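The values are calculated or read from the model by the stated rules, or taken from the named source; none is laboratory data. Quick caveat, the model's predicted, so the values are computed rather than measured. Neighbour counts are summed over all protein chains in view; Cβ atoms, including those assigned to glycine, are modelled from backbone coordinates with ideal geometry.
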Amino acid sequence: MPRQTKTFLLERFREMGIRPATRHGQNFLIDLNLVQIIVDAAELTSDDVVLEIGTGTGSLTAMMAERAAAVVTVEIDAHLFELASEQLIDLSNVTMLQLDALRNKNHFDDRVLAAVGAQLSAAPERRLKLVANLPYNIATPVISNLLSAPHVPHSMTVTIQKELADRIAAVPSTKDYSALSVWIQSQCSTQIVRELPPSVFWPAPKVTSAILRIAVEPERRARIRDLAFFHQITKALFLHRRKFLRANVLAALKQYLDKSQVDSLFDEMGFAPDTRTEQLDVETLIKLGERIQAAAPEWKL
């Protein structure tokens, strides 16, 4: 497998008469020590099925295929798919898909899920891990949606914008704390493994990146009675994060709960009138979601 250096990429792109596509968020990691760090952080074993979004030239794919039971890798760009196919042709445990991994902003393409499901069903002990240098423009929906997909990952080890990593790991009452922070932290532990300067990519992005490891913790997921409802109500409550929580609840549930019912709910939760959504920790938001669902079970965003 050729080393994915800047020189290698420049030569191959020149041969194929193509350039990196900014619309697909193509920034290639050219420091192979960092590629190795991503693979090591994922802690891959022979029981793992890896989902990779953004095959690129196949450099990370090939390294993961040496350790994992199978790799399902997805590339939207036809030219890169052709290039990676040449590099990965001899790896029998790699399934390549040339398509957009996302059907829409809330769902994966069914073909991706089917390919992952086929590999997971090959042996009872197999487990799913997302490992990818994620294109910046789809990083949030990929990470978020995988927690709602039929096959829940064991972990996600991804290269993303540092700004997004900070949002995912943010704590209450900070500018980065959001519905995404709550959704992921309600089910997972997070760790920023390494910050990455723009210089380790080609073309160099304008932002700092980070390798983030997200470990799904089944006991955390189990304490949320209705994950779909919790996901939706959290997004609704953070639509206007700086407003008072009471105003957000009234706006989100105006067809289901009147002011007296909302005031009663707030009394039960012990909230002050000036409480804001961004001040509530994950545990409190889980309890609030349960109270809202009990009061308005038919609510949908």
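Details
- Meets criteria (over 24 Å from Ala41 (Cβ atoms), touching a Lys or Arg at 6+ places or on another chain (Cβ under 8 Å) and outside any loop (DSSP other than H, G, I, E, B)) for Leu113: no
- Residue match in the range 284-291 (condition: among the β-branched types (Val, Ile, Thr) and free of Cβ contacts under 8 Å to residues at least 40 places away in the same chain): yes
- Leu120 satisfies every condition listed in (1) in contact with a strand residue (DSSP E or B) (Cβ under 6 Å, 6 or more places away or on another chain); (2) under 26 Å from Leu34 (Cα atoms) except (2).
- Members of the range 191-248 that are surrounded by fewer than 16 Cβ atoms within 10 Å (Cβ to Cβ), part of a helix (DSSP H, G or I) and polar (S, T, N, Q): Ser199
- A single entry from Thr61, Thr73 fulfils the requirement of being in contact with a strand residue (DSSP E or B) (Cβ under 7 Å, 6 or more places away or on another chain), assigned to a helix (DSSP H, G or I) and in the same structural domain as Ser209 (by TED's automatic domain parsing): Thr61.
- For Val50, the conditions (1) more than 20 Å from His154 (Cα to Cα); (2) modelled with pLDDT of 95 or more all hold with the exception of (1).
- Selection of the range 88-110 for residues being surrounded by 15 or more Cβ atoms within 10 Å (Cβ to Cβ), in contact with a Lys or Arg (Cβ under 7 Å, 6 or more places away or on another chain) and more than 25 Å from Ala41 (Cβ to Cβ) yields only Asp109.
- Of all residues in the range 251-291, those satisfying the criterion of being of a type in the set (A, V, I, L, M, F, W, C) and within 18 Å of His231 (Cα to Cα) are Ala251, Ala252, Leu253, Leu280, Val282, Leu285, Ile286, Leu288.
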